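The values are calculated or read from the model by the stated rules, or taken from the named source; none is laboratory data. Just so it is clear, the structure is predicted and the values come from calculations on it, not from any experiment. Note that each Cβ is placed from the backbone with ideal geometry, even for glycine, and that neighbours are counted across all protein chains shown. To get the accessible areas, we keep the full protein, side chains included, count just its heavy atoms, and leave off ligands, DNA and RNA. Shrake-Rupley method; radii C 1.70, N 1.55, O 1.52, S 1.80 Å.
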Amino acid sequence: MVLSGPQKSLGLMLKGLKLLLAATCLGFVCLFSLPVTAGKLLVTPEEEYCLALNDYYEARGEPIEGRLGVAYVVLNRVKAKHYPKTICEVIYQRNEKRCAFSWVCAPYPITEPEAWQESQRFSKQFLAMKKYDSDPTGGAVFYHEVSINPYWTAGLQDGIVLGEHIFYRR
């Protein structure tokens with residue numbers, strides 16, 4: 001399998017991350033920092049990077065409520081027993097037919113550098129929070145764009161609209 005776009009970037013980043021931690025900054029915006037603890041979740045630079053990618057591809061340009069909703073879904077999955085236990089594993093989770101997040105199966109390059117920098121800032125700030133008890137999704141582990149009506153929403157609890165997405169709990 002040939003990796004491209006964000007997947008290739010993530011693979012390269014993970015291989016050389018230990019050497020790059022202190023030195024990787026872009027202007028005034030550092031891409032990575034030392035690991036911090038957010039609640040019981042150990043937040044590593046890799047996790048911050050994965051969440052920034054997900055924000056960029058899933059929620060860039062949305063109001064803060066929508067971006068928070070997308071980030072909380074990832075965090076809610078990390079906390080849930082039927083999902084992987086790290087942010088990156090949740091985001092890159094896939095089976096033979098689907099990816100948890102559509103951009104993972106159909107990656108494309110980052111074409112909006114300012115939006116990418118904003119996604120990095122958002123990820124860093126979100127993961128720096130000490131408490132995650134203000135979840136606007138009410139514990140959602142699923143979402144989709146408001147413009148579609150996917151089959152898999154049948155049987156889920158009523159959704160809440162935040163930004164351009166509808167969020168659902170089991």
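A few remarks follow.
- A count restricted to the stretch 111-170 and to residues that are touching a Gly at 6+ places or on another chain (Cβ under 6 Å) and of a type in the set (Val, Ile, Thr) stands at 2.
- Filtering the stretch 89-117 to residues that are over 21 Å from His165 (Cα atoms), surrounded by fewer than 11 Cβ atoms within 10 Å (Cβ to Cβ) and free of Cβ contacts under 8 Å to residues at least 12 places away in the same chain leaves Asn95, Glu96, Lys97, Thr111, Pro113, Glu114.
- Residue match in the stretch 118-134 (condition: open to solvent by 10 Å² or more (accessible area, probe 1.4 Å), farther than 19 Å from Leu42 by Cα and of a type in the set (D, E, K, R)): yes
- Here Tyr72 fits the description: part of a helix (DSSP H, G or I), at pLDDT 95 or above and at negative phi.
- Leading residue by the ranking (farthest from Val90 (Cα to Cα)) among those in the stretch 135-165 that are open to solvent by 70 Å² or more (accessible area, probe 1.4 Å) and part of a strand (DSSP E or B): Val161
- Being in contact with a helix residue (DSSP H, G or I) (Cβ under 9 Å, 6 or more places away or on another chain) and surrounded by 15 or more Cβ atoms within 10 Å (Cβ to Cβ) is a description that applies to Arg67.
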